[in-house]
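Structure first, then comments.
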Amino acid sequence: VQSGHLILLASIFIVGGIFVLDLTWVDILANRRLLALQKALGWRKRERIIQILARILIIGLIAIVSGILSGYGLAVLSGSAPPTVEIITGLGVMGLGISFTGTLIPALRVLDIPPITHIREGQNHLRRISGQAVNSLWRFIWHGLSRRWERTRLGVLAAALSSALLTLFLFVSIDQRGYLAGTLLGQYIAGDIAGYHYAIVGIGFLLAILSLGNSLLAGILDRRDEIGVLKAIGWRTVDVILLYLGEGLLLGFLGGIIGSLLGLLVFLGLYQRINASALWIIPLNIATTTLIGIIASIYPSRIAALTPPSEVLRSE
């Protein structure tokens with residue numbers, strides 16, 4: 001692997017870190033009432049953090065061991081040299097670091113909230129935006145995303161990084177006939193864009209789908225009572241599905257715009273010019289990333305649509 005390709009691989013690790021952060025955030029939100037009850041019963045903050053980190057440590061170790069064994073097996077099957085002890089150790093430390101970092105941020109945010117906020121029921125708030133009622137589906141979609149800016153930004157960033165790589169590779173393949181050359185972040189990159197480059201993009205988009213899906217699932221946990229109220233006052237199942245499909249579409253669309261601009265800027269930094277006939281790549285890339293957002297929202301929208309209002313409103 002050429003040194004310049006490490007920059008491309010680093011972007012995949014960043015997307016993976018975002019995925020871990022979203023995953024642990026959903027896990028903590030799913031158990032927030034238990035954590036609040038523990039605090040109400042006298043558990044100290046340190047004990048609850050240790051409990052969360054221990055669970056993530058077990059999951060992280062299983063994931064790291066599985067990944068290293070899979071990589072070792074692929075190296076043997078492909079006839080390549082197996083990873084050294086230094087590489088295995090470095091990957092293990094990196095994996096645990098990503099796991100702990102992605103866990104501490106949401107854990108500290110949730111554990112600092114008074115327990116009564118999580119334990120009590122009936123905390124649904126249908127707020128207004130700029131003094132105007134939320135009276136359209138798209139305004140409601142935007143309102144839902146704006147109430148959880150942290151996870152919204154993470155989801156858009158995960159989609160944008162993979163979208164940027166796809167934009168860069170397509171511009172190089174079309175405008176430069178597949179030859180990538182130049183200096184990027186102090187590293188000289190030279191070589192032909194091959195199939196494995198697009199495989200890296202595919203892995204990034206797969207992680208982006210998982211990350212966006214987790215972000216939307218966390219939104220369902222946050223707004224479960226709200227979904228029950230909406231269905232109780234007449235929202236049909238298809239309306240709830242469209243609500244979350246719209247959120248996924250908007251996240252993918254924003255990620256596609258940001259990623260396309262980022263990939264275009266990197267290409268201009270490498271070549272200082274661009275062929276106007278290749279600009280069709282940008283709308284294609286935005287459409288692809290938007291489709292990724294819609295795919296990521298299919299499962300969360302189904303979960304939200306199957307939420308019975310009687311179960312949510314039983315304790316109101």
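The values are calculated or read from the model by the stated rules, or taken from the named source; none is laboratory data. Computed from a prediction, not measured in an experiment: that's the story for all the values here. Please note that ligands, DNA and RNA were not included when accessible areas were found on the heavy atoms of the full protein model with its side chains. Shrake-Rupley method; radii C 1.70, N 1.55, O 1.52, S 1.80 Å.
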Over the stretch 187-316, what is the mean sequence separation of C-alpha contacts under 8 Å (at least six apart), divided by residue count, expressed as relative contact order in percent?
44 percent
At a 1.4 Å probe radius, which order do 140, 267 fall into by accessible area, largest first?
140, 267
Normalise the Cα radius of gyration of the stretch 198-248 by 2.2 N^0.38 Å (N = residues in it) and let me know the number.
1.47
Quick one: what are the phi-derived ³J(HN,Hα) couplings along the stretch 30-35, Karplus 6.51/-1.76/1.60 with θ = phi - 60°, whole Hz, x for glycine and proline?
5, 10, 5, 5, 5, 5
Stokes-Einstein at 4 °C, 1.567 mPa s, Kirkwood radius from Cα pairs: D for the stretch 237-313 in µm² s⁻¹?
91 µm²/s
The stretch 187-275: Cα Rg divided by the 2.2 N^0.38 Å rule of thumb
1.60
Working from the pairwise distances between different alpha carbons, so that the mean of 1/r is found and then inverted, what is the stretch 1-89's Kirkwood radius in Å?
16.1 Å
Phi to ³J(HN,Hα) by Karplus 6.51 cos²θ - 1.76 cosθ + 1.60 over the stretch 279-288, Hz, x for Gly, Pro:
5, 4, 4, 5, x, 5, 5, 4, 5, 5
Please work out the average accessible area per residue across the stretch 1-83, using the 1.4 Å probe convention, and give it in Å².
57 Å²
